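The values are calculated or read from the model by the stated rules, or taken from the named source; none is laboratory data. On a predicted model such as this, the values are computed, not experimentally measured, just so you know. Backbone-built Cβ (ideal geometry, glycine too); neighbour counts: all protein chains shown. Just the protein is used for accessible areas: all its heavy atoms, side chains included, with ligands, DNA and RNA removed. Shrake-Rupley method; radii C 1.70, N 1.55, O 1.52, S 1.80 Å.
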Amino acid sequence: MKTTLAALKKGQKAVITEFNIDAIPLKLLEMGCLPGNMVELIQIAPLGDPIYINVNDSHLAIRRETAVEIDVEMITD
Amino acid sequence: MDIQELLVYVIVAGAVAFLIKKFFFKKKKKGNCGDDCGCH
Amino acid sequence: MASHTIKIALIGNPNTGKTSVFNQLTGLNQQVGNYPGITVERKVGNCRLPGNIKGAIIDLPGTYSLNASSIDENVVIELLLNRNDKDFPDVAVVVTDVENLKRNLLLFTQIKDLEIPTILVINMADRMQKKGITLDIPYLEEQLKTKIAVVSSRKGTGIDKIKDLIVDYENLSTEPCLHASTIDPDYFNRLRQAFPSQLLYKLWLVITQDVNFGISEKKELLGTSFTKTRSELKRLQQKETIKRYQFINDVLKVGQTIDTSKANDLRTRLDRVLTHKVFGYVIFFGILMLIFQSIFSWSEIPMDLIDRGFAWLGTYASEHLPQGKLTDLIAEGVIPGIGGIVIFIPQIAFLFLFISVLEESGYMSRVVFLMDKIMKRFGLSGKSVVPLISGTACAIPAIMAARNIENWRERLITILVTPFTTCSARLPVYAIIIALVIPEKAIAGIFNLQGLTLMGLYLLGFGGAILSAYLLNKVLHTRHKSFFVAEMPNYKLPLFKNVALNVVEKTKAFITGAGKIILALSIIIWFLGSHGPGERFDNARQIVAEQSKAGLMTPEQMENKVAAYQLENSYIGIIGKTIEPVIRPLGYDWKIGIAIVSSFAAREVFVGTLATIYNIGSSDESEATIKERMNAEVNPATGKKVFNLATGVSLLLFYAFAMQCISTLAITKKETNSWKWPLIQLFGMSSFAYLVSLIAYQLLR
């Protein structure tokens, strides 16, 4: 199922398929947020933003406005 | 003028010189990045 | 060979224990300074290597890659690209965390491309077993074309291996791990032909970075066909990053095995509690309360001792040194001046202690995560929490801590509002005025009214910061996009040695930085207070004697009157009297005026100045503390106490909001690279302070 990173629920995993490179900071790419890598949503902040993800073994917090720019393919298991 | 008084003037002059140096002559080198440094 | 000092650069991602490795290698043998012209901390240490060879280690700021996104990271690149720099390393030591090897190796492969002899340190080896990680070191060494030291900076193991490898640095391979140029062969071939003598990867970095490297090629490159649009460059950088990760993944697939069944879930469990929607905030505010409570109750005793100690020392000096002006200067200017600095040590040390424990443990990142949404509403970032909390110690390191904020607008607002938070320099001012004007009584049985007032002032500071952030957010328009990426590091037990060194360094920096200014000002204020123009000052004794012919005075009363008359006609008295009309509506007399003027350099000078003024103004030799002297001060016109409730509250509010710290203005100028923002801080904050104090005094009078 195709969706964006922002739509994941706590504990769900997905694979990054594509993103709008101009809306993503280079630092995020360097942390391993790249097409083909698996991403897991670990926690959502109490007020709904930011989100806490594990991508490529990097544990990061990013804002929803960035997460909506990242397309993912959900892993169903 | 006794020696104590002389020393006092020297010390006070030193303190003034220190402050002037500290606040007015410190901008010898400028930072070498533009005003959008660290934000892209 | 033995006479040669090996220059070593320590490089690594943040949170890899790089500083612990540095501390292990150098011990106490380190100096902290600044890079010329910028405020980035420059840490250098010496270490003794096998074979009696000396090593000079430079601990570079933590960075995720060689693509700089902050001034701190620029320092790393500028050094590694400039072979003529005096610090240019003979050997680079890249520190990585065994649990984040994949990401950490990205930086390693970039440094390898610069063809500098590089040693790979895999740190936190003590966690390998727990996490089920095994490494094939010979394979990794072969693939990464380097030598590896597996260390645990926590346990102190493997440090000797690093030293052995450093000594042997000439035998390290300088061959790159992979060829980044394959991401756009055509472009890179043209580049190679145009600059045959230069390293290809170095040219690429020069093209992609926005910074000045002191490299002549930068000018040549600009305006040629080699420049590309930002978007094109970013696409290439993405390709480069993907290529590097492909290489790293291939290497680690064979060289690293992780038994996932052993994955420890401490992080998950702690995160569940610490970022919980209720407990998360409860714990955070609990920790804040604990910090403030302990700072005040724990530092009270040493502060009191210091206060009394210096009062005694001043008396001792004036009694035992030979009579004369120099003795006066020492007893009335220098000793109270130094006392005014030393008294800060306990509180500052405690604050830095807590802040460095919170940062080292990884908890601070969770606070950033919890607070981001709330802070964003006020134009700030979750990362602004760190400057705002650090601001309770001192605004200077706090403003520097704002560098971690990626978004320029959020960073600027954070810098502008941080000085509102109650820094430790305000504390002595608050402490003495509260003690004078707020009665010491209990409210609801348990809360102390004086304590509540102090807490109220802290909240007022935070409130001022948040409110002005909100206003600035409405007013400021910038073209920058909002980015926010925060690493959530593993939880770690803070290392005592790291925390202790950090506390000592920060405290020392404060004492030597602000301390010298305070001491110099104390000397000048003493001089201005004990000298005056004209005969009114010189012949004070005679004039006073003539005026009070009728009244019979004890010799002691006479001395006091002469001293007071002299002060009034001294240089500082004249300055104070001149500004009195401006500050009278706020309820201040000319003596307070002098203290306010001198504290424009630094707030804490206020108490020191009053101490100096009252020391000069009264001739009695008893070792009364500043507080006792201030309490005894009476307005000669009304006969009422000078430090009454209305004046006290007005002063408290003035110090809460006014921008009275030249060092903070200087740091704002440096960090924003413009005079505009520090001037806005100065006038905005100070006029707001004047207005609020005016209203408060007029209402309470």
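Summary of values
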read-out	value
Sequence-separation-based contact order of chain C, relative, with Cα cut under 8 Å and 6+ spacing, percent	10 percent
20 Å Cα cut-off, lysine pairs counted over segment C:515-700 (separation 8 or more, or different chains)	13
Ranked by how many other beta carbons lie within 10 Å on average, peptides C:469-475, C:594-600 from highest	C:594-600, C:469-475
Of C:LYS43/C:LYS112; C:LYS43/C:LYS497; C:LYS102/C:LYS131; C:LYS102/C:LYS145, pairs whose Cα-Cα distance is over 18 Å	C:LYS43/C:LYS112
Between 0 and 90°, nearest 10: helix C:645-657 axis offset from chain C longest Cα axis	20 degrees
Longest to shortest principal axis, alpha-carbon extents of segment C:92-204, angstrom	50, 30, 21
Segment C:1-264: relative contact order as a whole-number percent, Cα under 8 Å and 6+ apart	20 percent
Long-range amide H partners of C:PHE483 with built H, under 5 Å	C:ASN407
Crossing angle, helix C:279-320 versus chain C [Cα axis fit, 0-90 degrees, rounded to tens]	50 degrees
Fraction of antiparallel bridges per DSSP, the protein assembly as shown only, in percent to nearest 5	70 percent
Spatially proximal lysines relative to C:LYS277 (Cα-Cα < 17 Å; intrachain offsets below 8 disregarded)	A:LYS9, A:LYS10, C:LYS373
Modelled FRET efficiency - R0 45 Å, C:ILE446 with C:ASP265, Cβ distances, 0.05 increments	0.65
Average partner coverage of A:45-58, which counts Cβ from other chains inside 10 Å	6
Spatial separation of Cα centroids for segment C:253-330 and segment C:649-701, in angstrom	27 Å
Segment C:515-700 - percent of accessible surface contributed by carbon and sulfur, probe 1.4 Å	63 percent
Rg/Rh for segment C:302-382, where both radii come from Cα atoms and Rh is the Kirkwood radius	1.36
At q = 0.10 Å⁻¹, base-10 log of I(q)/I(0) for the protein assembly as shown (Debye sum, equal scatterers on each alpha carbon)	-1.10
Sparse-neighbour loop sites [trypsin sites (Lys or Arg not before Pro); segment C:119-210; at most 12 other C-beta within 10 Å; DSSP]	C:LYS155
Dipole moment magnitude, nearest 20 debye, segment C:563-609 about Cα centre, only Lys, Arg, Asp, Glu C-beta charged	60 debye
Accessible area in the full protein assembly, largest first, 1.4 Å probe, for C:SER663, C:SER570	C:SER663, C:SER570
Value at 222 nm in deg cm²/dmol, rounded to 500, when DSSP H runs of n ≥ 4 in chain C each add -39,500 (n - 2.57)	-18500 deg cm²/dmol
Share, in percent, of DSSP beta bridges within chain C that are antiparallel, nearest 5	50 percent
Heavy-atom SASA rank of C:ARG269, C:ARG701, A:ARG63 (probe 1.4 Å, accessible area, largest first)	C:ARG701, C:ARG269, A:ARG63
Gyration tensor verdict on chain A (Cα atoms; rounded if a/c is under 1.5, prolate if a/b is larger than b/c, oblate otherwise)	rounded
Length added when fully stretched, C:ASP87-C:LEU691, from 0.36 nm per residue minus Cα-Cα	212.3 nm
Sequence ranges C:519-526, A:55-62, ranked by mean other-Cβ count within 10 angstrom, highest first	C:519-526, A:55-62
Accessible carbon and sulfur surface of segment C:283-391 relative to its total accessible area, %, 1.4 Å	70 percent
Environment charge of C:HIS276, counting only residues whose C-beta is closer than 13 Å and scoring Lys/Arg +1, Asp/Glu -1	+4
Share of Cα-Cα pairs in segment C:1-264 lying beyond 34 Å, as whole percent	18 percent
Charge-dipole axis of the protein assembly as shown as Lys and Arg at +1 and Asp and Glu at -1 on Cβ define it, positive-most pick from C:LEU691, C:TYR316, B:GLN4	C:LEU691
Positive-pole candidate from C:ILE301, C:ILE579, C:PRO50, dipole of the protein assembly as shown, charges at beta carbon	C:ILE579
Protection-proxy order for peptides C:114-123, C:678-687, each taking the mean of Cβ atoms within 10 Å per residue, highest first	C:114-123, C:678-687
Whole-Å semi-axes of chain C's equivalent ellipsoid (Cα gyration tensor)	56, 27, 25
MRE, 222 nm, helices only [DSSP H, n ≥ 4, -39500 (n - 2.57), over chain A, to nearest 500]	-2000 deg cm²/dmol
Over segment C:422-514: Kirkwood hydrodynamic radius from C-alpha pairwise inverse distances, Å	18.1 Å
Chain C: angle of helix C:426-437 to the longest principal axis, Cα-based, in degrees nearest 10	30 degrees
Per-selection metrics, segment C:279-475 (Cα): Rg and Dmax in Å	20.0, 65
Positive-pole candidate from C:ILE119, C:ILE133, C:PHE108, dipole of segment C:1-264, charges at beta carbon	C:ILE133
Nearest-20 debye value, the protein assembly as shown charge dipole, Cβ charges on Lys, Arg, Asp, Glu	1380 debye
Rel. contact order, % - alpha carbon contacts under 8 angstrom, at least six apart, segment C:279-475	16 percent
Per-residue mean of C-beta atoms belonging to partner chains within 10 Å, peptide C:371-382	3
Segment C:515-700 - Debye-derived log10 I(q)/I(0), Cα point model, q = 0.11, 0.12, 0.15 Å⁻¹	-0.55, -0.65, -0.96
Shielding of C:96-109 by partner chains, average beta-carbon count, 10 Å	2
